[in-house]
Amino acid sequence: MLFCLLLLGVMVTSHAQISMTLQVPPAGVLVKNQLWNLVLVNAGNNTQLVRVNLALLDAQTNQPVMNATSAPVSLNKGARQLQARDVSPVQYTYSIPAAKVDMDPNGMLPAGRYLACYTVVSATKGDLTLVENCIQVNVDPLSPPLLNTPANEDNLITPYPQFTWLPPTPIGLFNDLGYAIVIVEVLLGQGKADAVQQNVPLNASVYTKDLFWNYPASTRSLDTGKVYAWRIVAMNSGKPVALSDIWTFRVTKTQSALESVKETPFVEVKRAQDAVIASAGNVLRITYDNAAADSVVKYTITSIEEAGNPVVQEGELMLKYGQNQLQVPLRNNRKIQTDKVYLLRFTSSRNETWSVKFTVTK
């Protein structure tokens with residue numbers, strides 16, 4: 001019995017001979033190699049062969065995002081500073097779809113808030129756990145989304161503006177990048193930051209993967225004379241990871257007929273119809289990614305609100321390969337009336353149907 005107790009004491013002491021100090025920065029981590037900065041100390045007299053296991057957990061859900069196992073590492077007596085080259089090759093496994101993660105061992109980590117948990121195990125004693133430790137790791141973009149238009153403190157003449165912005169960087173941090181748009185009214189005596197935090201958004205649950213968003217003509221127009229604030233929230237896999245600055249703008253009175261007409265924004269045609277209704281003037285401005293490399297397509301415009309959805313205009317659009325910005329003339333068509341909803345539609349050589357709904361505000 002005494003022999004067993006002495007043997008147990010030797011085993012416990014042996015486990016405690018390895019200690020670990022993590023040197024992973026809590027913020028500023030961008031690539032996987034940065035996760036392997038740590039110091040292992042062998043307080044025993046014998047050289048030990050160990051492996052380091054890493055589990056990267058989502059800080060909110062505690063669900064694993066990535067697991068990694070190092071190559072065997074030899075620890076002589078004393079301290080050893082480890083970096084990525086000392087533990088290579090590292091075997092990574094992922095708990096998120098492969099299409100949404102950088103599979104390169106030297107690649108970037110997905111943006112988010114994580115808990116990095118390290119376990120040092122014996123490479124010669126059946127993965128016997130020697131020491132464990134965890135640290136909070138934040139993978140943040142170097143630059144948040146940058147607002148583009150409307151400009152800060154701008155005066156707009158349209159109650160249905162188009163909002164545009166630039167993506168956060170580096171773009172490789174994001175495996176499923178999208179954006180939420182927040183637009184609120186700034187009340188009298190209220191700051192723009194307080195307005196965004198306290199006031200009810202005018203555009204509930206807006207989410208897009210595009211770098212633009214058109215305030216829908218199907219909703220209530222923005223009022224003249226009021227101040228509005230807007231912000232972009234970058235989302236990675238549906239979770240917020242970066243906030244833009246907050247800008248403000250006003251909607252002034254509409255220009256008179258004698259003044260030059262402000263051009264309506266471009267709107268993207270899509271393969272699936274949605275509830276978004278674009279705004280058009282004398283022309284309908286659309287963007288289309290011509291991946292089919294068509295040189296020309298035939299389009300139709302139908303009236304959605306009239307019985308039988310009659311065709312009110314037909315024509316051809318000349319195309320180039322890649323991104324196209326196209327203008328469909330509407331000026332001289334008496335069949336197209338203001339404040340009615342129409343559908344422009346065309347089919348590519350791949351038999352893909354693209355469309356956009358719009359209303360005319362001449």
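The values are calculated or read from the model by the stated rules, or taken from the named source; none is laboratory data. Since this is a predicted model, take the numbers as computed values, not measurements. Every residue, glycine among them, receives a Cβ derived from its backbone with ideal geometry; neighbour counts consider all protein chains shown.
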Practice task
Could you please give the count of residues in segment 78-109 that are at pLDDT 90 or above and over 20 Å from ALA55 (Cβ atoms)?
Solution key: 5
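Is segment 238-247 home to any residue that is closer than 16 Å to GLN325 by Cα and modelled with pLDDT under 85? Break it down into steps so the answer makes sense when it comes.
At the first step, the residues of segment 238-247 found to be closer than 16 Å to GLN325 by Cα are none.
For segment 238-247, residues closer than 16 Å to GLN325 by Cα and modelled with pLDDT under 85: absent.
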Problem - Hits in segment 59-92 (condition: in a helix (DSSP H, G or I) and surrounded by 13 or more Cβ atoms within 10 Å (Cβ to Cβ)) - result: ALA84, ASP86, VAL87
Problem - Failed item, numbered, when CYS134 is tested on (1) at pLDDT below 85; (2) surrounded by fewer than 18 Cβ atoms within 10 Å (Cβ to Cβ) - result: (1)
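Among the strands (runs of 3 or more DSSP E) contained in segment 1-58, which hold 3 or more residues that are modelled with pLDDT of 70 or more, under 26 Å from ILE171 (Cα atoms) and under 35 Å from the mean Cα position of the chain (by Cα)? Please lay out each step first, then the result.
On the way: elements: 18-22, 38-42, 48-58.
Result: 48-58.
Name the residue that is surrounded by the most Cβ atoms within 10 Å (Cβ to Cβ), counting only residues in segment 154-186 that are aliphatic (A, V, I, L, M) and closer than 21 Å to ASN33 by Cα.
LEU173
Among the residues of segment 137-153, which ones are surrounded by fewer than 18 Cβ atoms within 10 Å (Cβ to Cβ) and under 15 Å from ASP245 (Cα atoms)? I'd like the intermediate steps shown before the answer.
Going through segment 137-153, the residues surrounded by fewer than 18 Cβ atoms within 10 Å (Cβ to Cβ) turn out to be 138, 140, 142-143, 146, 148-149, 151-153.
Once the filter is applied, which keeps residues that are surrounded by fewer than 18 Cβ atoms within 10 Å (Cβ to Cβ) and under 15 Å from ASP245 (Cα atoms), segment 137-153 yields LEU142, SER143, LEU146, ASN148, THR149, ALA151, ASN152, GLU153.
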Practice task
Can you give me the number of residues within segment 336-352 that are surrounded by fewer than 13 Cβ atoms within 10 Å (Cβ to Cβ), within 22 Å of PRO310 (Cα to Cα) and in contact (Cβ under 8 Å) with a residue 24 or more places away in the chain?
Solution key: 2
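Go through segment 102-146 and give me each residue that's assigned to a strand (DSSP E or B) and of a type outside the set (A, V, I, L, M, F, W, C).
Of segment 102-146, the ones assigned to a strand (DSSP E or B) are 108, 112-122, 129-139, 143, 146.
Once the filter is applied, which keeps residues that are assigned to a strand (DSSP E or B) and of a type outside the set (A, V, I, L, M, F, W, C), segment 102-146 yields GLY112, ARG113, TYR114, TYR118, THR119, SER122, THR129, GLU132, ASN133, GLN136, ASN138, SER143.
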Handout entry: Meets criteria (surrounded by 13 or more Cβ atoms within 10 Å (Cβ to Cβ), touching a residue at least 60 places away in the same chain (Cβ under 8 Å), outside the structural domain of ASP339 (by TED's automatic domain parsing) and more than 19 Å from THR164 (Cβ to Cβ)) for ASN236
Key = yes
Exercise for the section: Considering each residue of segment 296-308, count those that are modelled with pLDDT under 90 and not aliphatic (A, V, I, L, M), and give that number. Expected result: 3
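State the number of residues belonging to segment 310-325 that are among the charged types (D, E, K, R) and farther than 15 Å from LEU343 by Cα. Working first, answer last.
As a first pass, look at segment 310-325 and keep what is among the charged types (D, E, K, R): 314, 316, 320.
Remaining after also requiring farther than 15 Å from LEU343 by Cα: 316, 320.
Residues in segment 310-325 being among the charged types (D, E, K, R) and farther than 15 Å from LEU343 by Cα: 2 in total.
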Practice task
Output yes when any residue across segment 258-271 is at pLDDT below 85, farther than 24 Å from PHE212 by Cα and not hydroxyl-bearing (Ser, Thr, Tyr), and no when none is.
Solution key: yes
Practice task
Starting from segment 304-324, keep only residues that are in contact (Cβ under 8 Å) with a residue 12 or more places away in the chain, then list their pairs with residues that are of a type in the set (Asp, Glu) and surrounded by fewer than 13 Cβ atoms within 10 Å (Cβ to Cβ) whose Cβ atoms are within a distance under 6 Å, requiring at least 6 positions of separation or different chains.
Solution key: GLN323/ASP289
